[in-house]
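Each value in this text was obtained by applying a stated rule to the coordinates, not by laboratory testing. The structure presented is a predicted model; accordingly, all values stated were derived computationally and were not measured. For neighbour counting, all protein chains shown are included, and Cβ atoms are generated from backbone atoms with ideal geometry for every residue, glycine included.
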Amino acid sequence: MKELGDRSIDLTVTSPPYFNLVQFQNSVEGELSFAKDKETFFKEIRKNFEEVYRVTKPDGKFVLEVEDYPIGSTIYGYPREIFLAGDFVNAVESTGFYIIARWYWKKFKAGVALQKFQYTMYANLTNSDPRAVTNVAYCFVFRKYNKFSEHKVLDFTREEWKEWSDGVWYIENPSDELDSGQAIFPVELVKRFIRIYTNRGDKVLDPFLGTGTTMRAAYELGRDCVGYEIRPAMLPVIKTKVGFGQEGLFDEVRWEVVER
């Protein structure tokens, strides 16, 4: 992230790739999703987390949305879930961040999720072990050490906090309206973290920008945003999602694309 100076980012919100468990459309050589095994993947992604640590201000936060992988049979040849959350937390904390909070994003309502995962269907239980639907993603929040927490002007109400502090958020999983073939998290999910952990005018980072959800949320909330994406084919999708080039209602907006 050579475009970013040390201690220049207030908040990072991202959903990282996984190793060869999941690969998306428009993949290019060098993507972390091509890592053949878990050990290689976490060795490489730690380099990204080290850069996030470098560019984060003291007291800055890093929100990482990750999930476990239920269909481990694609790797092992028999039913087995692959637990990834602990490895991600260890990789981030090894850079100097430490975990301060975690929220759980519930992605589907009861019954709806059941229809999406064949291994949980009632009719299949006579031939397989009963298993719960993977209906929750982890949203871990890490902090970069500073002796004192920076003062913030709260950007949410007492009533909102009564709901949000519960720790489990049901936010409907978005459909891929842009037909990008990517995994997408909700704009509302990102907005909540931006409102909780930043002030207006702060700078937000997404090192795995994807379709541009983090950037769209930051723009709509009056924050600056920098995003990195390895796949050039995603640029038109990102521009459409974030409204690239549009003017701000109250503030001047400067858009820039750096290709390298």
Per the helix-only calculation at 222 nm, which mean residue ellipticity applies to the chain, given -39500 (n - 2.57) for every DSSP H run of n ≥ 4 and division by its residues, nearest 500 deg cm²/dmol?
-7500 deg cm²/dmol
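Most exposed first by the Cβ proxy, i.e. fewest other Cβ within 10 Å, how do Thr134, Thr12, Thr157, Thr40 rank?
Placing the least packed residue first, the sequence is Thr157, Thr40, Thr134, Thr12.
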Cα centre as origin, Lys/Arg/Asp/Glu Cβ charges: the chain dipole, Debye:
480
Please report Ile99, Ile184, Ile196 as a ranked list, fewest other C-beta atoms within 10 angstrom at the top and most at the bottom.
Ile99, Ile184, Ile196
Normalised by the residues of the chain, what does the relative contact order come to in percent, with Cα pairs under 8 Å and at least six apart?
21
Given a Förster distance of 22 Å, the FRET efficiency implied by the Cβ-Cβ spacing of Asp251 and Phe156, rounded to the nearest 0.05, works out to 0.60
Count the DSSP beta bridges whose two residues both fall in the chain, then state the antiparallel fraction as a percent rounded to the nearest 5.
50
Please arrange Trp164, Trp169 by how many other C-beta atoms lie within 10 Å of their C-beta, fewest to most.
Trp164, Trp169
